[in-house]
């Protein structure tokens, strides 16, 4: 076989391998995205400046997790009160145990806590809970973990 034919065959095989590698990489990335937990739907119910607590405000929201839904690790520079309305959620703080909460149960997070676990306990049923923050006026309610 002449050298130019060998080089062309080798180049074709390399390009074919490179194409398959790129397709496999793309498929792996799409698969990872498909397996990531779906995020919550947030609804703001009330934002109220607290006149007798200068610089503080109250924020009330509902969080709805679809089946299998979860949040990444985060924190709140706030006092946070959670009340489960529907379904079941798993909550956990850094250094503490995970707890599973169902309708009517509550959970508290302090301003220094890191929220390591916040997810729907079910892969088939949605979950919904009320969250009330007493926070500094201005900053976002959900912050990256430090």
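Among the residues of the stretch 99-129 satisfying the criterion of being free of Cβ contacts under 8 Å to residues at least 40 places away in the same chain and assigned to a loop (DSSP other than H, G, I, E, B), which is nearest to the chain's Cα centre (by Cα)? Here the residue is 121. Of the numbered criteria (1) modelled with pLDDT under 95; (2) more than 20 Å from residue 140 (Cβ to Cβ), the one residue 105 fails is (1).
Within the stretch 73-98, the set of residues being more than 13 Å from the chain's Cα centre (by Cα) and outside any strand (DSSP E or B) comprises 76, 77, 87, 94, 95, 96, 97, 98.
Condition (residue is at positive phi and either surrounded by 15 or more Cβ atoms within 10 Å (Cβ to Cβ) or out of contact with any strand residue (DSSP E or B) (no Cβ under 9 Å at 6 or more places or on another chain) (or both)) applied to the stretch 115-137: is it met by at least one residue? No, the conditions are met nowhere in the stretch 115-137.
Condition check: assigned to a strand (DSSP E or B), at pLDDT 95 or above and surrounded by 12 or more Cβ atoms within 10 Å (Cβ to Cβ). Does residue 58 satisfy that?
On the way: assigned to a strand (DSSP E or B): yes; at pLDDT 95 or above: yes; surrounded by 12 or more Cβ atoms within 10 Å (Cβ to Cβ): yes.
For residue 58, the condition - assigned to a strand (DSSP E or B), at pLDDT 95 or above and surrounded by 12 or more Cβ atoms within 10 Å (Cβ to Cβ) - is met.
Just one of (1) assigned to a strand (DSSP E or B); (2) within 14 Å of residue 70 (Cα to Cα) fails for residue 132. It is (2).
Touching a strand residue (DSSP E or B) at 6+ places or on another chain (Cβ under 7 Å), surrounded by 13 or more Cβ atoms within 10 Å (Cβ to Cβ), closer than 18 Å to residue 145 by Cβ and at pLDDT 95 or above: is that true of residue 75 in this structure?
Working: touching a strand residue (DSSP E or B) at 6+ places or on another chain (Cβ under 7 Å): yes; surrounded by 13 or more Cβ atoms within 10 Å (Cβ to Cβ): yes; closer than 18 Å to residue 145 by Cβ: yes; at pLDDT 95 or above: no.
No: the conditions fail for residue 75.
Of all residues assigned to the stretch 31-51, none qualifies as being buried (at least 16 other Cβ atoms within 10 Å of the Cβ), touching a strand residue (DSSP E or B) at 6+ places or on another chain (Cβ under 8 Å), in contact (Cβ under 8 Å) with a residue 40 or more places away in the chain and assigned to a strand (DSSP E or B).
The values are calculated or read from the model by the stated rules, or taken from the named source; none is laboratory data. Here the structure is a predicted model, which is why all the values come from computation and not from measurement. FYI the Cβ positions are ideal-geometry reconstructions off the backbone, even for glycines, and counts take in every protein chain you see.
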